[in-house]
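Undergrad: Questions regarding the structure given below will be posed in turn.
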Amino acid sequence: MKEIQNLRVDYSGKILDIKKLDKNPINQFEVWFNELKTKDVIEPNAMILSTISKKNTINSRTVLLKNISDKGFVFYTNYESRKGEDINYCKNITAVFLWKKIERQVIIKGIANKISSKESKKYFDSRPRKSRIAAWASKQSRNLKNSDELIESFNFYNKKFKGKEIPLPGFWGGYLIEPSSIEFWQGRSSRMHDRILYEKKDNKWYVSKLYP
């Protein structure tokens with residue numbers, strides 16, 4: 001379609017100076033992420049998570065980043081979901097953050113491992129009650145006959161846990177993405193974009209600049 005090929009946006013970002021960036025990409029990610037707080041970006045913690053299935057296909061979906069530590073990036077899900085099954089088969093993942101409002105993108109590649117049930121429970125208990133009920137009610141990624149079936153499941157657990165503490169489901173929890181590489185992209189005019197790549201080798205981060 002001609003109207004699609006003619007869609008263009010000219011970016012206006014500044015050159016990324018490697019010397020001014022943090023030597024640790026996780027710290028640099030936090031710098032960029034903190035800048036989003038003043039930019040009114042909707043769900044800045046939304047990331048496209050790509051995993052590899054047993055059929056050697058790639059599955060992608062949007063998940064929410066829920067914590068950043070010196071080890072990496074944490075998100076939560078149903079371990080029996082498609083993404084959980086994929087990660088159980090192959091721990092290699094890619095996570096992409098696209099912040100169009102500030103003309104930036106971050107690509108994280110690494111290994112995903114389950115965090116402790118203690119850490120998962122701490123976060124689970126902080127969620128709204130209905131979100132905790134939904135975690136029990138949804139057989140994530142499984143076939144659903146109709147919406148009524150899901151509503152019935154929600155109502156069942158809502159009644160079951162009425163007036164009680166809602167326990168952490170054994171099939172639900174967090175993953176820590178331990179990065180092996182992180183690429184920072186800054187959109188610039190005339191497609192002269194800036195790309196800064198951090199790669200971890202022998203437990204040390206090396207940084208380089210890439211052609212756009």
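Undergrad: Roughly speaking, what is the stretch gain from residue 37 to residue 17, that is 0.36 nm per residue apart minus the C-alpha to C-alpha distance, in nm to one decimal?
TA: Additional length available on full extension: 5.0 nm.
Undergrad: Karplus couplings for the stretch 193-209 from phi (6.51 cos²θ - 1.76 cosθ + 1.60, θ = phi - 60°), rounded to Hz, Gly and Pro as x?
TA: The phi angles translate into 5, 9, 10, 10, 10, 9, 10, 9, 9, 6, 6, 10, 8, 10, 10, 8, 10 Hz.
Undergrad: How about residue 83: which aspartates and glutamates have a C-alpha closer than 17 Å to its C-alpha, ignoring those fewer than 8 places off in the same chain?
TA: Qualifying aspartates and glutamates at Cα under 17 Å: 178.
Undergrad: Which pairs in the list 14/209; 66/201; 54/100 are over 22 Å apart, alpha-carbon to alpha-carbon? It would help to have the intermediate numbers written out before the result.
TA: On the way: 14/209 15 Å; 66/201 26 Å; 54/100 33 Å.
Over 22 Å Cα-Cα: 66/201; 54/100.
Undergrad: Still on this structure, please answer the following. Points 7 angstrom from Cα along the Cβ direction at residue 201 and residue 88: gap in nanometres?
TA: Output for this residue pair reads 3.6 nm.
Undergrad: Given Cβ point charges of +1 (Lys, Arg) and -1 (Asp, Glu) and nothing else, what value in debye, to the nearest 20, does the dipole of the stretch 36-101 about its Cα centre take? Before the final figure, lay out the partial values.
TA: Values: 12 positive and 6 negative charges, 31 e Å.
For this selection, approximately 140 debye.
Undergrad: Here's another thing I want to ask about it. Just to be sure I understand the model, the point goes 7 Å from the Cα along the line to the Cβ. What's the resulting residue 69 to residue 100 distance in nm?
TA: So the label points at residue 69 and residue 100 sit 3.4 nm apart.
Undergrad: In whole angstrom, how far apart do the alpha carbon centroids of the stretch 152-212 and the stretch 67-107 sit?
TA: 3
Undergrad: How much net charge surrounds residue 140 when only the other residues with a Cβ under 12 Å from the Cβ of residue 140 are counted, with Lys and Arg +1 and Asp and Glu -1? Mind dumping the intermediate values first?
TA: On the way: positive: 61, 82, 83, 139, 142; negative: 80, 85.
Its environment carries a net charge of +3.
Undergrad: Can you tell me the order of 92-104, 11-23 when each peptide is scored by its average per-residue count of other Cβ atoms within 10 angstrom, highest first? Walk me through the intermediate numbers first.
TA: Working: 92-104: 17.4, 11-23: 11.8.
Going from most to least packed, we get 92-104, 11-23.
Just so you know, all these numbers are worked out from the coordinates, no wet-lab data involved. Remember, it's a predicted structure, so these values are computed and weren't measured experimentally. As a convention, Cβ positions derive from the backbone with ideal geometry for all residues, glycine included, and neighbour counts pool all protein chains shown.
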